[in-house]
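Visitor: Questions regarding the structure given below will be posed in turn.
The values are calculated or read from the model by the stated rules, or taken from the named source; none is laboratory data. Values in this document were obtained by computation on a predicted structure and should not be read as measured data. So basically every Cβ, Gly included, is an ideal-geometry build from the backbone, and we count neighbours across all protein chains shown. Protein only, heavy atoms only, side chains kept; ligands, DNA and RNA dropped before computing areas. Shrake-Rupley method; radii C 1.70, N 1.55, O 1.52, S 1.80 Å.
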Amino acid sequence: RPAEHQHVRYNPLRDDWVLVSAHRVKRPWQGQLEKPPPEDVPRWDPKNPLCPGATRANGEVNPNYEGTFVFPNDFPALQPDAPEPDDSDHPLFRAAPARGVCKVMCFHPWSDLTLPLMSLPEIRAVIDAWAELATELGASYPWVQIFENKGAMMGCSNPHPHCQVWASSFLPNEACLEDRTQRQHLSQHGVPMLLEYAEQEAGRKERLVVENADWLVVVPYWATWPYQTLLLPRRHVCRLQDLSDSEKDSLASIMQRLLIKYDNLFEVSFPYSMGWHGECRGSASLPSTSLPLPAVLTVPLPPAGAPTGPYLQEDCRHWQLHAHYYPPLLRSATVRKFMVGYEMLAQAQRDLTPEQAAERLRSLPEVHYKKRAE
């Protein structure tokens, strides 16, 4: 029985395995306790470099923005004009060029308003800004990574609601891995992996958290983090900028519902790292597939020549847009999951089964705990 006996589960997206040991969740906890996030974040602070009108570290003054605000990261991990590394004299000491740009996007002018507390039009504005950045940066770079680190527990140094967008001249490891596994699945089974997976989970229901006409959120069968979720569209779509207006509206709704449930789980501003994975145009060195899409996919696919870096002719029908949410909390707002020991040296391991996590999230109310008394 999965809830009582250890077993391993295969992750087809990463081509690896996770050890599930649900009986371990019964053990008493005597480990580290975290400090809950502060509840008294000021709405506006002139010393906060992400606030409207504040001065950033480089001396630039933010405009008095009223919606989303995008600016170049003042301390970027990637720069567009980095020099070429020296040639290696041995195959064990290789280096390659790495260029790109890094941007920061503030979701809202108020520091105390996280995504689950925003209105649907405000969340929709965030989605529109994501799509615009993906289009702009994807015209020059093969990979654009949109990601949000929420909460100090996940390394976020500023409580103001924001995310980052990094565009790179190379394909990051996770993109390469997902490109390979999704390509292989389409070649072997004739249908995009995550489209087939979404259809299966929609029918099985046991790991479903929330759903609507266009999207569903599940705790994936192969989840590693305790309350990890996967956000999936119901139709085949490769990129954020390929979504229709109605799909963007329903995306705003399902994001709000999921994030409210997260906050309600331990009645705390729930920490996580999340990120979008979309169409990858940087796989020119991998074998391409000429398989036609199966008849079950009746929705027209995006045009093959959509601008995404220098790989305009790449066949990317194997890709399916999706977002990963990786939250660290395990038992309470103060007990987190650490990826150490066996996880670092052998393979990922979890105590709570994905089905148990999904049932707990699914049963939570969709009214934010801070608004219940209103």
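Visitor: Taking into account only those residues within the range 34-84 that are over 25 Å from MET154 (Cα atoms) and among the acidic types (Asp, Glu), which is surrounded by the fewest Cβ atoms within 10 Å (Cβ to Cβ)?
Guide: Per the stated criteria, the residue is ASP81.
Visitor: I would also like to ask the following. Scan the range 20-30 and give yes if some residue there is surrounded by 12 or more Cβ atoms within 10 Å (Cβ to Cβ), closer than 28 Å to PHE270 by Cα and hydroxyl-bearing (Ser, Thr, Tyr), otherwise no.
Guide: Yes, the range 20-30 contains at least one residue that is surrounded by 12 or more Cβ atoms within 10 Å (Cβ to Cβ), closer than 28 Å to PHE270 by Cα and hydroxyl-bearing (Ser, Thr, Tyr).
Visitor: Please identify the pairs in which a residue from the range 210-238 that is under 11 Å from ALA357 (Cα atoms) has its Cβ atom under 6 Å from the Cβ atom of a residue that is polar (S, T, N, Q), counting only partners at least 6 apart or on another chain.
Guide: VAL219/THR229
Visitor: Please go through the range 259-273 and give me each residue that is crowded, with 22+ Cβ neighbours inside 10 Å, within 13 Å of GLN228 (Cα to Cα) and out of contact with any Leu (no Cβ under 6 Å at 6 or more places or on another chain), ordered by number.
Guide: Of everything in the range 259-273, those that are crowded, with 22+ Cβ neighbours inside 10 Å, within 13 Å of GLN228 (Cα to Cα) and out of contact with any Leu (no Cβ under 6 Å at 6 or more places or on another chain) turn out to be TYR262, PHE270, PRO271, TYR272.
Visitor: List the residue pairs whose Cβ atoms are under 8 Å apart, where the first residue sits in the range 316-344 and is of a type in the set (Gly, Ala, Ser), the second is in a loop (DSSP other than H, G, I, E, B), and the two are 6 or more positions apart or on different chains.
Guide: Filtered contacts from the range 316-344: ALA333/GLU34; ALA333/PRO36; ALA333/GLU267; ALA333/VAL268.
Visitor: Can you find a residue that is modelled with pLDDT of 95 or more, within 30 Å of ASP315 (Cβ to Cβ), open to solvent by less than 60 Å² (accessible area, probe 1.4 Å) and not in a loop (DSSP other than H, G, I, E, B) anywhere in the range 103-118?
Guide: Checking the range 103-118: at least one residue is modelled with pLDDT of 95 or more, within 30 Å of ASP315 (Cβ to Cβ), open to solvent by less than 60 Å² (accessible area, probe 1.4 Å) and not in a loop (DSSP other than H, G, I, E, B).
Visitor: When both residues are 6+ apart or on different chains and their Cβ atoms are under 8 Å apart, which pairs have a first residue that lies in the range 101-116 and is touching a residue at least 60 places away in the same chain (Cβ under 8 Å) and more than 19 Å from PRO271 (Cβ to Cβ), and a second that is open to solvent by 30 Å² or more (accessible area, probe 1.4 Å) and acidic (Asp, Glu)?
Guide: PRO109/GLU66
Visitor: If you don't mind, there's one more thing I want to ask. Within the range 316-374, take every residue that is modelled with pLDDT of 95 or more, among the small types (Gly, Ala, Ser) and exposed (fewer than 15 other Cβ atoms within 10 Å of the Cβ) and give me the one that is nearest to ARG204 (Cα to Cα).
Guide: SER363
Visitor: Run down LEU19, LEU13 and say which single residue is part of a strand (DSSP E or B), modelled with pLDDT of 95 or more and within 28 Å of the chain's Cα centre (by Cα).
Guide: LEU19
Visitor: How do the strands (runs of 3 or more DSSP E) wholly within the range 125-213 filter down when requiring 3 or more residues that are modelled with pLDDT under 95 and surrounded by 21 or more Cβ atoms within 10 Å (Cβ to Cβ): which remain? Let's see the steps before the verdict.
Guide: Working: elements: 143-150, 162-168, 208-211.
Result: empty, no element qualifies.
Visitor: For the range 348-360, state whether one or more residues are farther than 23 Å from ARG14 by Cα and not basic (Lys, Arg).
Guide: yes
Condition check ((1) of a type in the set (Ser, Thr, Tyr); (2) farther than 15 Å from LEU133 by Cβ; (3) in contact with a Phe, Trp or Tyr (Cβ under 9 Å, 6 or more places away or on another chain)) across all residues:
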residue	(1), (2), (3)
GLU66	no, yes, no
PHE71	no, no, no
PRO76	no, no, yes
GLU84	no, yes, no
LEU92	no, yes, no
ALA95	no, yes, no
TRP110	no, yes, yes
